[in-house]
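Q: I'd like to ask you about the structure that follows.
The values are calculated or read from the model by the stated rules, or taken from the named source; none is laboratory data. Just so you know, these numbers come straight off a predicted model, no measurement behind them. Cβ placement follows ideal geometry from the backbone for every residue including glycine, while neighbour counts extend to all protein chains displayed.
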Amino acid sequence: MLPHTPSETPPANLNALAEDHYFGANPPPKDLEKHVALAKDFIDFHSAAGRRLVLVTSGGTTVPLEKQTVRFIDNFSAGTRGATSAEYFLEAGYAVLFLHRQFSLLPFSRHYSHATDCFLDFLREGSNGSVVARDEDAAKMLHVLRKYREARDKNMLLALPFVSISDYLHELRSIARLMRPLGPNGLLYLAAAVSDFFVPPDRMSEHKIQSTNAADPLPTKSNSPLNEPETFDNFDSSPAVPRSKRLVVDLDPVPKFLKNLVEGWSPEGMIASFKLETDPTILVHKARYSLDRYQHHLVIGNLLSTRKWEVVFVSPGNPDQWIRVPFKDGGAVKKDEPVDPKSLPEGEPEVEIESLIIPAVEELHTKYIKSVEERKGIKN
Ligand code: 9Z3
């Protein structure tokens, strides 16, 4: 067990200042107003019906290096966790607002959009020039299609896209605020892989960063590179690459807005965040630290290499709860420790771990709703 470091949460007014500064400096996505209008209708509709609604965030966030973005930093997330979870939430009766990275996996269509199985592979030409599902895939496709149509026809699923980290944060803040009328029936399930670092707009180039000086004005005596002072001493650089050809990227930390989410944007909804690590020895500690620091309701810890096989639930007042898909030799795994990736079978698990995660989250959400109702009952 790692030593417990005391949480150093900045005071509330500092959080508010950081929020004003970030959202003032980073422009909103161009579709924000349109998305807010769609989200408001969706949320109000389900709030009026007294239904539970979950905001699922999904996929990676880009970090643009230029305002007119040609290049950006990205991460690995394909949106599998988010898209799969959305299906199981629908199954459990939740309305799902699916805030996802553009072009990442979507609920239902995810079954047919993998790079290895292109959707055209599932189709064949039928009689009279029609297009039909291949015989061996037809039953599953019909099942998925029916589920998808049902969700859409009953207005149970709304999908809204984002691209960059600042788009994501603008969308998250606006949607979380709209969720207030849901009270404790609202659930935020933050599975998107959110970038920790970004280039602030005042240091971001407007245009494509140049790799040669061919676009510079012709040198005169006064602006000759020979007269320029050295502004950056790249002491460990290889002498084989001249400094003028390097690109040194200088990133700031993305402010941690989970506290603002918990206290301001969506104070009554239940908040479940994910914690991703690659080092098994720090996972539980980091998850617990995040919970202590932000005082929300659930952190689901997962490791990059085993995320489809196991996760750990860390929640206030409860012991850590490992959730695992069954696998051969799984009985030998220590109950309270991460599984050794080498002991896992090759390939993908037969059971989707989200089919176990969502009922467990639902159970905690039910307890959460009850506790809020009891608290209110006592007050009234
Ligand atoms: C997760 O940990 C998700 O489970 C994955 C899913 C990103 C691993 P895939 O899309 O992967 O199925 O391939 N998401 C949260 C990661 C994250 O950015 N968490 C923040 C952190 O760790 C806290 S909100 O600091």
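Q: Counting just the residues of the stretch 269-281 that are more than 12 Å from the ligand (Cβ to nearest atom) and surrounded by 15 or more Cβ atoms within 10 Å (Cβ to Cβ), which one comes out nearest to Ser315 (Cα to Cα)?
A: The selected residue is Met270.
Q: Hey, another quick one. Please go through (1) modelled with pLDDT under 95; (2) under 25 Å from Asn302 (Cβ atoms); (3) more than 16 Å from the ligand (Cβ to nearest atom); (4) of a type in the set (A, V, I, L, M) for Leu120 and return the number of the only condition it doesn't satisfy.
A: For Leu120, the failing item is (2).
Q: Quick test for you: out of Ala83, Ala16, Ala25, Ala48, pick the one residue that is more than 16 Å from the ligand (Cβ to nearest atom) and under 30 Å from Arg146 (Cα atoms).
A: Ala48
Q: Mind listing whichever residues of the stretch 44-63 are over 20 Å from the mean Cα position of the chain (by Cα) and not small (Gly, Ala, Ser)?
A: Of everything in the stretch 44-63, those that are over 20 Å from the mean Cα position of the chain (by Cα) and not small (Gly, Ala, Ser) turn out to be Asp44, Phe45, His46, Arg51, Arg52.
Q: Collect the residues in the stretch 52-108 that are β-branched (Val, Ile, Thr), assigned to a loop (DSSP other than H, G, I, E, B) and surrounded by fewer than 21 Cβ atoms within 10 Å (Cβ to Cβ), keeping them in residue-number order.
A: If the condition is that a residue be β-branched (Val, Ile, Thr), assigned to a loop (DSSP other than H, G, I, E, B) and surrounded by fewer than 21 Cβ atoms within 10 Å (Cβ to Cβ), then Thr69, Val70 are the ones that fit.
Q: From (1) within 18 Å of Arg71 (Cβ to Cβ); (2) surrounded by fewer than 19 Cβ atoms within 10 Å (Cβ to Cβ); (3) away from the ligand (no atom under 16 Å from the Cβ); (4) not basic (Lys, Arg), pick out the condition that doesn't hold for Asp216.
A: With respect to (1) within 18 Å of Arg71 (Cβ to Cβ); (2) surrounded by fewer than 19 Cβ atoms within 10 Å (Cβ to Cβ); (3) away from the ligand (no atom under 16 Å from the Cβ); (4) not basic (Lys, Arg), Asp216 is out only on (1).
Q: If only one of Ser266, Ser355, Ser305 is touching a helix residue (DSSP H, G or I) at 6+ places or on another chain (Cβ under 7 Å) and over 26 Å from Ala78 (Cα atoms), which one is it?
A: Criteria check complete, one pass: Ser266.
Q: If you take the residues of the stretch 167-193 that are over 25 Å from Phe76 (Cβ atoms) and among the hydrophobic types (A, V, I, L, M, F, W, C), which of them is nearest to the ligand (Cβ to nearest atom)?
A: Per the stated criteria, the residue is Ala176.
Q: Please specify each residue of the stretch 242-257 satisfying the condition of being in contact with a strand residue (DSSP E or B) (Cβ under 7 Å, 6 or more places away or on another chain) and in contact (Cβ under 8 Å) with a residue 60 or more places away in the chain.
A: Hits for the stretch 242-257 are Leu251, Val254.
Q: Within the set of pairs 6 or more residues apart or between chains, which connect a residue that is closer than 13 Å to Phe108 by Cβ inside the stretch 79-97 to a residue that is among the basic types (Lys, Arg) and more than 14 Å from the ligand (Cβ to nearest atom) with Cβ atoms less than 8 Å apart?
A: Note: pairs meeting the criteria are Glu87/Lys147; Leu90/Lys147.
Q: Do we have Val339 as free of Cβ contacts under 8 Å to residues at least 60 places away in the same chain and within 14 Å of Phe274 (Cα to Cα) here?
A: No.
Q: Turning to a different aspect of this structure: Could you pull out the residue among Leu65, Leu105 that is in contact with a helix residue (DSSP H, G or I) (Cβ under 9 Å, 6 or more places away or on another chain) and of a type outside the set (Asp, Glu)?
A: Testing whether each residue is in contact with a helix residue (DSSP H, G or I) (Cβ under 9 Å, 6 or more places away or on another chain) and of a type outside the set (Asp, Glu) leaves just Leu105.
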